[in-house]
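*Asks:* What follows is a structure written as structure tokens; I'll ask about it next.
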Amino acid sequence: MTNTNVVTLNNLIGGQWVPSASGVTEPVYNPATEEVLAYVPISTKEEVDQAVRAAKEAFKSWSRTAVPRRARVLFKYQQLLVDHWEELARLITQENGKSYAEAYGEVQRGIECVEFAAGAPTLMMGKQLPDIATNLESGMYRYPIGVVGGITPFNFPMMVPCWMYPLAIACGNTFVLKPSERTPLLAQRLAELFIEAGLPSGVLSIVHGAHDVVNGILEHPGVAAVSFVGSQPVAEYVYRTGSAHGKRVQALAGAKNHSIVLPDADLDAAVTQIISAAFGSAGERCMACAVVVAVGDIGDVLVEKLQAAADAITIGNGMEEGVFLGPVIRGPHKERTLGYIETGEKEGATLLRDGRKDAATSGDGYFVGPTLFDNVQCEMKIWKDEIFAPVLSIMRAESLDEAIEIANQSEFANGACLFTKDGGSVRHFRENIDAGMLGVNLGVPAPMAFFPFSGWKKSFYGDLHANGSDGVEFYTRKKMITTRW
Ligand code: NAD
């Protein structure tokens, strides 16, 4: 039942915050308390159409606004985001559940995207060759592509949208964002601050909702390109459907990231990194460590250390001081995770630490304690699937090659990490692992905004990745001019 004391979010269309006409809403919960924070409208395709039409209109002048003037809006926006850092971090913790410290870090990652986008005058530059033949020259100019649609997941309500709209807009495009219906509050605040920074009406629109809005974006003839981040089946669907409708699509998908620990590694440092990568953000990161492969005879010692570190984790509301592990996003996701723990037991993995038994799991909020499985095998569902929760699988291998072979069997290939002091092993790992983002002696090798977020295999659908020079290529098109003098 609708709680009338709680606001229903509006869409942002043509610079106006307008209520959705759909009449359908969903509650937005604080996953740590189950309190309803707001209602999010489940908008219609017609509302997508209105937003795209407003974005097309805004494109006419925004795409022709001098690039340094566009960049100045980004500079102002950067300052406003810095000024509102704590407020944004609090909002992330409230709607997503991750700890305030992690939310604070997420704001930083979002701001870095805006900083990168503010370099548009340099990023947008073309190239010339003055002598391609006698008295003949050639040059390449870069232009925006039009209206871009962005569809984002719940797990990084600030960072992931910031991978998309600041750069797209700095490049001269206009943007229609559909934030996750589970974490829509931050998107509203991000847009308000962008408008305060001087963004003209219609350059950024927000249409809240679910499947209908996504399909509205994918099918709309006025949308030139789609950036998607979310789970693998939806990424594949978005890629296929958007491409079939003639759009440029980049679709970043799920993951199952392995960390390989060699016998010469600093085990205490490795454990600190792995625990943080496996259980930080409740395991709800596309760069989370889901599997540890212990190489050689260190297995038992590593397991002991991981177990002790997992036992020391404080579980609770991310706004409370000292809390490391917050809730997962929703009740059904908690149920799904508990289902995987049961499956792991049935499949014969050794349940070393049972996150169902932690005290926090029985009160309000969608809590699952840190869960550790040992002796996991590649045939098991708990190894194959992305669980996206605080569940860490441990495997054993005789050699680095065997560990790499295990990791390379996964259909996902977002990230992989190696813990070692040996340079030769690092090179061997780099050259042989099938993953697009590697870490050495660190747990979460997420590239910064000026590098591409380069997942491989089923972790990415498309040609050009998000961020960095790939992002600029994705959000621009080129014109070649050849001149005879
Ligand atoms: P999700 O796929 O459920 O939702 C993502 C977006 O797609 C949301 O906006 C949602 O409304 C929409 N959506 C969901 N189901 C849909 C459907 N059937 N048809 C059309 N649209 C649909 O993902 P999530 O649970 O919000 O996010 C977690 C997933 O995102 C994980 O798999 C994680 O690995 C992935 N992720 C990947 C990256 C990366 O860089 N590769 C980054 C962050 C998250």
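Readers should treat all values here as calculations from the given coordinates under stated rules, not as data from a laboratory. Predicted, not measured: the structure shown is a model, and the values here were computed from it. For neighbour counting, all protein chains shown are included, and Cβ atoms are generated from backbone atoms with ideal geometry for every residue, glycine included.
*Asks:* Starting from the Cα of GLU137, step 7 Å along the direction of its Cβ; do the same at GLU87; then give the gap between the two resulting points in nm.
*Replies:* 4.9 nm
*Asks:* More than 21 Å apart: what percent of Cα pairs in segment 320-432 qualify?
*Replies:* Details: 2964 of 6328 pairs.
Tail of the P(r) past 21 Å holds 47 percent of the pairs.
*Asks:* In whole Hz and in residue order, list the ³J(HN,Hα) couplings for segment 469-485 that follow from phi through the Karplus curve 6.51 cos²θ - 1.76 cosθ + 1.60, θ = phi - 60°; x for Gly and Pro.
*Replies:* The phi angles translate into 5, 4, x, 5, 4, 5, 8, 9, 10, 10, 10, 9, 10, 10, 10, 9, 9 Hz.
*Asks:* On to the next question. I'd like the Karplus ³J(HN,Hα) series for segment 157-162: coefficients 6.51, -1.76, 1.60, θ = phi - 60°, whole numbers in Hz, and an x wherever there's a Gly or Pro.
*Replies:* Each residue's phi maps through the Karplus curve to give x, 9, 4, 5, x, 6 Hz.
*Asks:* If you restrict to DSSP beta bridges whose two residues both lie in the chain, what percentage is antiparallel, to the nearest 5? All intermediate terms of the calculation are to be shown ahead of the outcome.
*Replies:* Values: 30 of 71 bridges.
In the chain, DSSP labels about 40 percent of beta bridges as antiparallel.
*Asks:* Under a plain spin-label model, where a point goes 7 Å from the Cα along Cα-to-Cβ, how far apart in nm are GLU46 and PHE75?
*Replies:* In this crude spin-label approximation the distance works out to 4.4 nm.
*Asks:* Amide H of PHE460 versus every other amide H placed in the peptide plane: which residues, excluding those fewer than 5 positions away on the same chain, fall under 5 Å?
*Replies:* Sorted by chain and number, the residues that satisfy this are ALA253.
*Asks:* Hey, another quick one. VAL176's amide H: which non-local residues (gap 5+, or another chain) put their own amide H closer than 5 Å, with H modeled 1.01 Å from N in plane and none for Pro or chain starts?
*Replies:* VAL148, GLY149, GLY150, SER205
*Asks:* Which part of segment 190-230 falls in the paramagnetic zone of ARG330, meaning amide N under 17 Å from the point 7 Å along Cα-to-beta-carbon?
*Replies:* Label zone hits: 208-215, 229-230.
*Asks:* Let me ask you something else. Do the sum for the chain: with -39,500 (n - 2.57) for every DSSP H run of n ≥ 4, divided by all residues, what is the mean residue ellipticity at 222 nm, to the nearest 500 deg cm²/dmol? Mind showing how you got there, number by number?
*Replies:* On the way: 16 runs with 188 residues, N = 485.
Here the helix-only value at 222 nm equals -12000 deg cm²/dmol.
*Asks:* If the limit is 19 Å between Cα atoms, which of LYS98/LYS384; LYS178/LYS458; LYS256/LYS384; LYS127/LYS479; LYS247/LYS478; LYS457/LYS478 go over it? It would help to have the intermediate numbers written out before the result.
*Replies:* Details: LYS98/LYS384 25 Å; LYS178/LYS458 23 Å; LYS256/LYS384 8 Å; LYS127/LYS479 11 Å; LYS247/LYS478 16 Å; LYS457/LYS478 28 Å.
In this structure, LYS98/LYS384; LYS178/LYS458; LYS457/LYS478 exceed 19 Å between Cα atoms.
*Asks:* Please compute the net charge surrounding ASN257, taking Lys and Arg as +1 and Asp and Glu as -1 over other residues with Cβ under 11 Å from its Cβ. It would help to have the intermediate numbers written out before the result.
*Replies:* Working: positive: LYS256, ARG285; negative: GLU386.
Value of the local net charge: +1.
*Asks:* Over the chain, calculate the relative contact order: mean separation of alpha carbon pairs under 8 Å at least 6 apart, over the residue count, as a percent. Spell out each step's value before the answer.
*Replies:* On the way: 1159 pairs, mean separation 87.5, N = 485.
The normalised contact order for the chain reaches 18 percent.
*Asks:* Let me ask something else about it. Counting other beta carbons within 10 Å of each Cβ, put ILE13, ILE145 in order, fewest first. The partial results should precede the final answer.
*Replies:* Details: ILE13 24, ILE145 19.
So the residues, fewest neighbours to most, are ILE145, ILE13.
*Asks:* Output ³J(HN,Hα) for segment 240-251: one whole-Hz value per residue in order, computed from phi by the Karplus curve 6.51 cos²θ - 1.76 cosθ + 1.60 with θ = phi - 60°, and x for Gly and Pro.
*Replies:* Coupling constants for segment 240-251: 5, 5, x, 5, 4, 8, x, 9, 6, 10, 10, 10 Hz.
*Asks:* Sticking with this one: In nm, give the distance between the simple-model label positions of VAL7 and LYS357, each being 7 Å from the Cα along the Cα-to-Cβ direction.
*Replies:* Modelled inter-label distance: 4.5 nm.
*Asks:* Let me ask something else about it. First select every other residue whose beta carbon is under 13 angstrom from the beta carbon of HIS211; then total the charges, Lys and Arg +1, Asp and Glu -1. Don't skip to the answer; put the middle values down first.
*Replies:* Details: positive: LYS45, LYS178; negative: GLU26, GLU181, ASP212, GLU219.
Within the 13 Å Cβ shell, the charges total -2.
*Asks:* For THR25, what residues show an amide H to amide H distance below 5 Å, using hydrogens built from the backbone and excluding near sequence neighbours?
*Replies:* The answer is ILE42.
*Asks:* Over the Cα atoms of the chain, what radius of gyration and what Dmax do you get, in Å?
*Replies:* 23.2, 79
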